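Following: one structure in structure tokens, then a few remarks.
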Amino acid sequence: AAARSAVVVLKSEDLPSYSEPIESFRNSVDASVQVFDLRGNEDVAHRVARELQRDPPPLIIALGAKAAYTATQSLPEIPLVYAMVDQPRRYGIEGPLVTGVQMDLDPSLVVSEFKLVVPEVKRVGVLLSIDNLSPAVETAIVMAEQAGFEVQIERIVSSRELRPAF
């Protein structure tokens, strides 16, 4: 079977933060680039994966965790470069043909930028899964308190608790 000649970009959703990197990539490579928007939808992701399995590209660029997960699970034989993924190993986004830029945000930077953008805010609410015991989250909470924010944490067990907790 003839392989797709275009490099494929999978984006998890149609977000402005994905548009600029896609255009930069298009403008910097001497190759055809085809973009697929998964729209944050599992059914769309499965349809796109089936299409790419029938006509595989030489490379997949994935923006966002959903796109990178789809590529690693459904197309593991195709080289993958991912970006904008927090904790890729947590989602199984790894393998011999997988590389990328992990999205690590320094909690002190996030807190200082937040304070700069909305200086009038004094109280911050944090909704967390009961299972989220990430040291980065704990560090961010401590840093927010040190920056003078009153931090209220609500831990939830299921998505049904999200609205009432909010």
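Brief remarks on what is shown
- Counting the residues of the stretch 114-126 that are among the aliphatic types (A, V, I, L, M) and open to solvent by 70 Å² or more (accessible area, probe 1.4 Å) gives 2.
- If you go through the stretch 93-104 and keep only what is out of contact with any Asp or Glu (no Cβ under 8 Å at 6 or more places or on another chain) and open to solvent by 30 Å² or more (accessible area, probe 1.4 Å), you end up with E94, G95, P96, V98, T99, G100, V101.
- Qualifying residue in the stretch 145-153 (condition: touching a helix residue (DSSP H, G or I) at 6+ places or on another chain (Cβ under 6 Å), free of Cβ contacts under 8 Å to residues at least 60 places away in the same chain and more than 25 Å from P88 (Cα to Cα)): yes
- Looking only at the stretch 65-93, and only at residues there that are part of a loop (DSSP other than H, G, I, E, B) and modelled with pLDDT of 95 or more, the one that is farthest from D14 (Cα to Cα): E77
- Test: residue in the stretch 17-40 that is of a type outside the set (S, T, N, Q), part of a helix (DSSP H, G or I) and under 30 Å from E145 (Cα atoms): no
- Residue in the stretch 1-52 that is nearest to S74 (Cα to Cα), counting only those that are small (G, A, S) and open to solvent by 60 Å² or more (accessible area, probe 1.4 Å): A3
- Residue check, P119 of a type outside the set (V, I, T) and in contact (Cβ under 8 Å) with a residue 12 or more places away in the chain: no
- Meets criteria (at negative phi, hydrophobic (A, V, I, L, M, F, W, C) and assigned to a helix (DSSP H, G or I)) for V101: no
- Residues of the stretch 127-148 that are outside any helix (DSSP H, G or I) and either open to solvent by 90 Å² or more (accessible area, probe 1.4 Å) or of a type in the set (G, A, S) (or both): S129, D131, L133, S134, A147, G148.
- The set of residues in the stretch 87-110 that are aliphatic (A, V, I, L, M) and more than 30 Å from A147 (Cα to Cα) comprises I93, L97, V98.
- Residues of the stretch 129-165 that are hydrophobic (A, V, I, L, M, F, W, C) and under 23 Å from the mean Cα position of the chain (by Cα): I130, L133, A136, V137, A140, I141, I156, V157, L162.
The values are calculated or read from the model by the stated rules, or taken from the named source; none is laboratory data. Everything numeric in this text was worked out from a predicted model, so none of it was measured. Using ideal geometry, Cβ is built from the backbone for each residue, glycine included, and neighbour counts are taken over all protein chains shown. Heavy atoms of the whole protein, side chains included, go into the accessibility calculation; ligands, DNA and RNA do not. Shrake-Rupley method; radii C 1.70, N 1.55, O 1.52, S 1.80 Å.
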